[in-house]
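Visitor: One structure is given below, represented as structure tokens, and several questions about it will come after.
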Amino acid sequence: MSQRRRILVLQSPSHQDDQRGKGLSEEPTNFQNEYDSVRVDSLARAVELLRTERFDAVFTETSAPDQNQWAANLLQAEQILGALPEGVAGVDAELRVLWANAAFENWCGGPCTGRSFYDALGSPETLGPDYNPFHTALAGATAITRLHCRGMEGTQSSRSRYLELHVTPIQEADRNQGSPSAPRISQLIAMCRDVTAEVHQQQKLDALHQAGRELNALSADQLADMSVEERIELLKLNIRRFTHDLLHYDVIEIRLLDPKTGQLAPLLEEGMTPEASHRQLYARTEDNGVTGYVAATGKGYLCPDTAIDSHFIEGSPGARSSLTVPLISQDQVIGTFNVESPKPNAFSTEDLQFAEIFGQKIAAALHTLELLSAEKRSTASQSIEAVNREVAMPVDEILAAATSVLDRYIGHEPEMADKLRKILNSARAIKMCIQKVGENIAPPAAGAKPGEDLKSRLKGLRVLVADQDDRVRRSAHAILGRFGCVVETAGDAQEALTMARLSNYDAILADIRLPDLGGFETYQRLKQVQPQAKVILMTAFGYDPSHCIVKAHQEGLKFVLYKPFRVDQLLDALEKSGSPPRSEPIKAEPVNA
């Protein structure tokens, strides 16, 4: 005997009410003999049976005018649910799955009808904000939460995923209580959207922000104990670590831009060829690779295929694609961050976004490092200036006194003269040691700064300043010492002449009103004892009742400083004593006379 065919009979709820009490129309006898019929009156039940059981046909009663349309809608809804990328499931009040579409069953690893909703998904972790979404929905409100499904071994859903879950109640009239309008909730619709990519992206962004905080994170005690070079090495180590751990890049290169020359100097490289590491690149759009192009334009650049990209210059062996972003601080490009891969199309626009964010963190760390270095240089410079300020004048007094005594013993007592020369050398060595210590603990900042070119030309210039006013002599030490000059001072003409006779100077600055000798005579005698030195006369407010400046001009005087003179005038006079013209203007500062 052959197996009887099965049909699903769809009855609308309204048609069922009409037939209640008097029975449904009877099927023909031959219909009853050949078919087993299953009658349903709800959409959820029909979908559940169609998905879980076999039927040869679907039967609708023609006595209900809306029956055919209802059946067509049902079948269309089934097709739509099957095509949705989101997972959809019908759940009863006991949280058992009544039916589910293909996407949801795929996450569950197979058919899940009759199983507990949470068990079907492998007992996921509820992350909120609603930690009891089905309880909320059974109370009549739509609930939203996020689930973390860690995956089920041996199933199609073995990988971890994050699902955003929306649970919506289906309200039906409770006919058993004789009150058609009284709602009751017996079924729920659970719709899940896979948000794994979004969650991973946010986790990566959070990790990048945390990495930015850690790139140059040091306590005050650690900063105090570390040199600038040690801080740079720590920063490079952290950049390498986060680039590997977060972005998973193995070939990286960071270059810093010299704003004056436009050159991109290597700071860090890994996986690059020696030729690429030492290649000179500039911030230009042509002939300087992708790195030069990015530095010039300030925009990130994706190179999907190096073989057809006119900007690309090989950095790592066999590179087939690259990603380069600018390092920007204070709205200025300060460098570039470049990564390369042996695979074509290895980087996406999302990778570019992450690299730009990481580049911002690197730039911020470099800026912080520069601020800390500048602070250390400033503090060290202030300390050295304070030491110089306290030591310079006493040492000058020692030099003047020892020179005066030496002048008496030369040619008479060689042994005493030698001892005095040792005193002079030791006194001068004290100044040089202070200056050397200052240069060591306060190294110059990276990149040329205004006045650095002039400082390099004046560094080591030996200058003698003769003035009876202590303030002028102190100012000479403070200003000229800042530019690397070796300064010695004298309080009167006799001290100046003695020091000039026994020591060599590149320039001598003498006031025209020294207490023991007139300005013109001072000029003449200084030129006699040191004809190779540039002699510069100084006067307060141009006051010269003896016309000594006019007379000195006739004898070859070329420079006069009028007190209170300015720093630019003072440096200009010294620079023109044989050095080439300076390229940077010097900011004027008043000097106390």
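Visitor: Which of (1) closer than 17 Å to His248 by Cβ; (2) modelled with pLDDT under 85 does Asn338 not meet, given it meets every other one?
Guide: The single condition Asn338 does not satisfy is (2).
Visitor: Does the stretch 218-230 contain at least one residue that is at pLDDT below 75 and within 30 Å of Ala319 (Cβ to Cβ)?
Guide: So far as the stretch 218-230 goes, no, none of its residues is at pLDDT below 75 and within 30 Å of Ala319 (Cβ to Cβ).
Visitor: Please find, within the stretch 449-468, the residue that is modelled with the highest pLDDT out of those that are surrounded by fewer than 16 Cβ atoms within 10 Å (Cβ to Cβ) and in a loop (DSSP other than H, G, I, E, B).
Guide: Gln468
Visitor: Right, next: Checking the structure you have, find out if any residue of the stretch 106-113 is at positive phi, among the small types (Gly, Ala, Ser) and outside any helix (DSSP H, G or I).
Guide: yes
Visitor: Restricting attention to the stretch 553-563, which residues are over 14 Å from Arg513 (Cα atoms) and in contact with a Phe, Trp or Tyr (Cβ under 8 Å, 6 or more places away or on another chain)?
Guide: Across the stretch 553-563, the qualifying residues are Glu555, Leu557.
Visitor: Can you name the condition, by its number, that Arg284 falls short on among (1) in contact with a helix residue (DSSP H, G or I) (Cβ under 8 Å, 6 or more places away or on another chain); (2) within 21 Å of Gly271 (Cα to Cα)?
Guide: (2)
Visitor: Filter the stretch 288-338 down to the residues that are part of a helix (DSSP H, G or I), β-branched (Val, Ile, Thr) and touching a Pro at 6+ places or on another chain (Cβ under 9 Å) and list them by number.
Guide: Passing the criteria: Val294, Thr297, Thr306.
Condition check ((1) over 21 Å from Ile239 (Cβ atoms); (2) within 22 Å of the chain's Cα centre (by Cα)) across all residues:
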site: Ile252; (1), (2): no, yes
site: Met272; (1), (2): no, no
site: Tyr282; (1), (2): yes, yes
site: Gly289; (1), (2): no, no
site: Ala307; (1), (2): yes, no
site: Ile313; (1), (2): yes, no
site: Ser329; (1), (2): no, yes
site: Phe337; (1), (2): no, yes
site: Ala363; (1), (2): no, yes
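Visitor: Here's another thing I want to ask about it. With the requirement that a residue be outside any strand (DSSP E or B), of a type outside the set (Ser, Thr, Tyr) and surrounded by fewer than 16 Cβ atoms within 10 Å (Cβ to Cβ), what does the stretch 247-278 give you?
Guide: His248, Asp250, Pro259, Lys260, Gly262, Pro274, Glu275, His278
Visitor: Which ones in the stretch 134-155 are surrounded by fewer than 13 Cβ atoms within 10 Å (Cβ to Cβ) and at pLDDT below 75?
Guide: Glu153, Gly154
Visitor: Also, I was wondering about something else. Being over 24 Å from Ala207 (Cα atoms) and in contact with a helix residue (DSSP H, G or I) (Cβ under 7 Å, 6 or more places away or on another chain) is the filter; apply it to the stretch 356-375 and report the residue that is modelled with the highest pLDDT. Talk me through it step by step, then tell me what you get.
Guide: Of the residues in the stretch 356-375, the ones over 24 Å from Ala207 (Cα atoms) are 370-375.
Filter once more, keeping what is in contact with a helix residue (DSSP H, G or I) (Cβ under 7 Å, 6 or more places away or on another chain): 372-373.
Details: Leu372: 54, Ser373: 58.
The qualifying residue modelled with the highest pLDDT is Ser373.
Visitor: If you check Phe565 against the conditions, is it touching a Lys or Arg at 6+ places or on another chain (Cβ under 8 Å) and not basic (Lys, Arg)?
Guide: It is false that Phe565 is touching a Lys or Arg at 6+ places or on another chain (Cβ under 8 Å) and not basic (Lys, Arg).
The values are calculated or read from the model by the stated rules, or taken from the named source; none is laboratory data. Treat the numbers as computed from the prediction; the structure is a model and nothing was measured. Because the Cβ atoms are built from the backbone with ideal geometry, glycine has one as well, and the counts that use them run over all protein chains shown.
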